[in-house]
Amino acid sequence: MSGEEKFSYIKNILIAVDESENARRAVSYVAQLVGSLEGFKVTVLHVIPQPEEDFFKTSIEKEKWCSQYREKVDAMLEGYRQILLRAGFHPHDVSVRSPFRYCPSMAACILAERDETEYGTLVVGRQGLSRSEEFIFGSISSKIVSHARNCTVWVVE
Amino acid sequence: MTESFSQNSLREMASRWLPQHRIPSRFRIHRDTTNIFRVEYDDVVVLGGKPYLIRHNAKELRFGLEDEVKFWVKRAIDLRNGNLKIMKLVFYENFMSRIGGIEFECFRSPKKEARILDLVSGHKNFMHGYSIQDEKDNLIRILDFIRGKPLFTYVENMELGHEAYFYGQFQGILDHFFECVQAIRFLHEHGEKHGDIRRDHILIDRESGHYRWIDFDFNYRHRENIYGYDLFGLGNVLVFLVGKGDWLLPDLEKQNHPVLSTLREEDVNIVFKNRVVNLKKIYPYIPESLNRVLMHFSKGANWFYENTAQLLEDLGEFRNAA
């Protein structure tokens, strides 16, 4: 058996997105790179971070925020799905996911989703943070690169 | 509880704690504090059947600017026993904060402070108190008044040169500050941020000598690193303590300080570009193991602290060697 045949790679790609331009680039990158190839399945993932209680004066405000956010996310994911379909993906091969999670760390939440779905490749857009921003608030893509196991990570510039 | 107090009974209680000429002829009594501006000096707020006589509004230090009146924070006297309290009424605020060109969303939350007060009850390194709802469900926090100075005024007012301070006083101050960092680790371990770590938010309790964190109602919308802003605050306080004040580039320039020729871009604070962090260049006797900790908060840092445990470990290394 040759070295190349020892490994078999899963052709499932998980793209973690938000509404930023970097996320759109990540989706476009996957669309252009593998859209015309056979056998790939793509899931576009947006983890909805459970908002902190403290942010809202009342529980009604919180529920309203959650439902508006959910609508916004559904529209955003549909937009990304269309990009992939236009690039040649079969509708059966493109899915979207938007779980609601408690997320002290978004990177950890995305990686937990990856672990559950066992996708072979995880794609994220680079946020383009300054050093001081990264210092204070942390970088999702950097943390994903450091902590990802059992998958390949693409960070799209 | 709907206990009512007559004007006479309130006057009688007040006379135990105030001189006669300071007792108002008539008290306005509030059980609903929704309109915080209606709660004024000499009014009485009744909460859970306890009457609190309102005194002054609290003020917050704004470095280099006039102190800001916090009109939702009142000094008050518990008329049953004369204890001095801080009463924090409900005031929601939501705004974009900006430090060193970075914008982030901040907000005040009475719920957060109430939760933390429960969590830190009995912990020597935090302020203490309890929360209670008024008759309109406003979540009011009643805090024990801490007699003592803010840490930064204590350090700034020491009439000592830096070397005498560093060898004579700093070790003791660091021991206390180490406990403060452990206290923040305690919050983080329970999923809470302090939210507003600043050098004027540590008071030195005059009675016990303990350093105590105050003000937990501030919160920020975190991104990837939930506790990153707290850690940044801890770093700023540490640099202040090691330097016995902040060393700002304009001050060094005014003094034509010789260190200016040796300072590089990476020697300043990663966010506040005019604040020197590499203090060893100014005070060469600062041990490398301590300066290395400071440098994690500098522009030249190639690795940032992600949690308090990492900071405590590095500080512990210096303390053990000292």
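Tabulated data
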read-out	value
Candidates B:Arg223, B:Arg141, B:Arg198: whichever shows maximal mean-square fluctuation once chain B is modelled as a Gaussian network with Cα springs under 10 Å	B:Arg223
The stretch A:104-141: GluC sites (Glu not before Pro) in DSSP coil with no more than 13 other Cβ atoms inside 10 Å	A:Glu118
In order through the stretch B:137-144: 3J(HN,Hα) via Karplus (6.51 cos²θ - 1.76 cosθ + 1.60), integer Hz, x for Gly, Pro	6, 6, 8, 9, 10, 10, 10, 5
Packing-based exposure ordering (other Cβ within 10 Å, fewest first) of B:Leu151, B:Leu315	B:Leu315, B:Leu151
Low-density loop positions, chymotrypsin sites (Phe, Trp or Tyr not before Pro), the stretch B:262-322 - DSSP coil, at most 14 other Cβ in 10 Å	B:Tyr285, B:Trp303
Separation of alpha-carbon centers, the stretch B:216-254 and the stretch A:125-157, rounded to whole Å	24 Å
Three semi-axes of the equivalent ellipsoid, the stretch B:2-44, Cα gyration tensor, whole Å, largest first	20, 13, 7
By average C-beta atoms within 10 angstrom, highest first, the peptides B:28-37, B:121-130	B:121-130, B:28-37
Helix-only mean residue ellipticity at 222 nm for chain A, each DSSP H run of n ≥ 4 adding -39500 (n - 2.57), per residue, nearest 500	-14500 deg cm²/dmol
Approximate spin-label separation B:His257-A:Phe100, in nm, with each point projected 7 Å along Cα-to-Cβ	5.3 nm
Cα-based helix-to-principal-axis angle, A:21-34 vs chain A, degrees rounded to 10	20 degrees
More than 24 angstrom apart: percent of Cα pairs within the stretch B:115-213	30 percent
Cβ charges +1 (Lys, Arg) and -1 (Asp, Glu), total dipole of chain B, debye	900 debye
Principal axis dimensions, largest first and in whole angstrom, of the protein assembly as shown by Cα	96, 62, 38
Of the DSSP H helices in chain B, those whose Cα atoms cover at least 27 Å axially and whose Kyte score averages 0.0 or more	B:170-189
Amide H contacts of A:Val96 (H built 1.01 Å from N, under 5 Å, at least 5 apart or other chain)	A:Val44
Rounded to the nearest 20 debye, dipole of the protein assembly as shown from Cβ charges on Lys, Arg, Asp, Glu	980 debye
Number of partner chain Cβ atoms within 10 Å, mean per residue of A:126-135	6
Whole-Hz couplings from phi, Karplus 6.51/-1.76/1.60, listed for the stretch A:78-92; x for Gly and Pro	5, x, 5, 4, 5, 4, 5, 5, 5, 7, x, 5, 6, x, 5
Principal semi-axes in Å for the stretch B:1-147 [√(5λ), Cα gyration tensor, largest first]	29, 17, 16
Within the stretch B:134-183, chymotrypsin sites (Phe, Trp or Tyr not before Pro) in DSSP loop having at most 16 other beta-carbon neighbours inside 10 Å	B:Phe145
Of A:Ser141, A:Thr121, A:Cys151, farthest towards positive along the dipole that unit charges on Lys, Arg, Asp, Glu beta carbons give the stretch A:70-157	A:Ser141
Debye, to nearest 20: dipole size of the stretch A:100-157, +1 on Lys, Arg Cβ, -1 on Asp, Glu Cβ	120 debye
Within 10 Å of each Cβ in A:51-61, the average number of Cβ atoms from other chains	4
Per-bin percent of Cα-Cα distances, chain B [20 Å]	29, 51, 19, 1
Among B:Tyr52, B:Met96, B:Val271 the positive-end extreme of the charge dipole of the protein assembly as shown (Cβ point charges)	B:Tyr52
Cα-Cα over 30 Å, subset of B:Lys244/B:Lys299; B:Lys74/B:Lys112; B:Lys59/B:Lys273; A:Lys72/B:Lys111; B:Lys74/B:Lys299	B:Lys74/B:Lys299
Averaged over B:216-228, number of beta-carbon atoms from partner chains that fall within 10 Å	6
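Any read-out appearing in this document is the output of simple, stated calculations on the displayed coordinates, not a laboratory observation. Quick caveat: nothing in here was measured; it's all calculated off a predicted structure. As a convention, Cβ positions derive from the backbone with ideal geometry for all residues, glycine included, and neighbour counts pool all protein chains shown.
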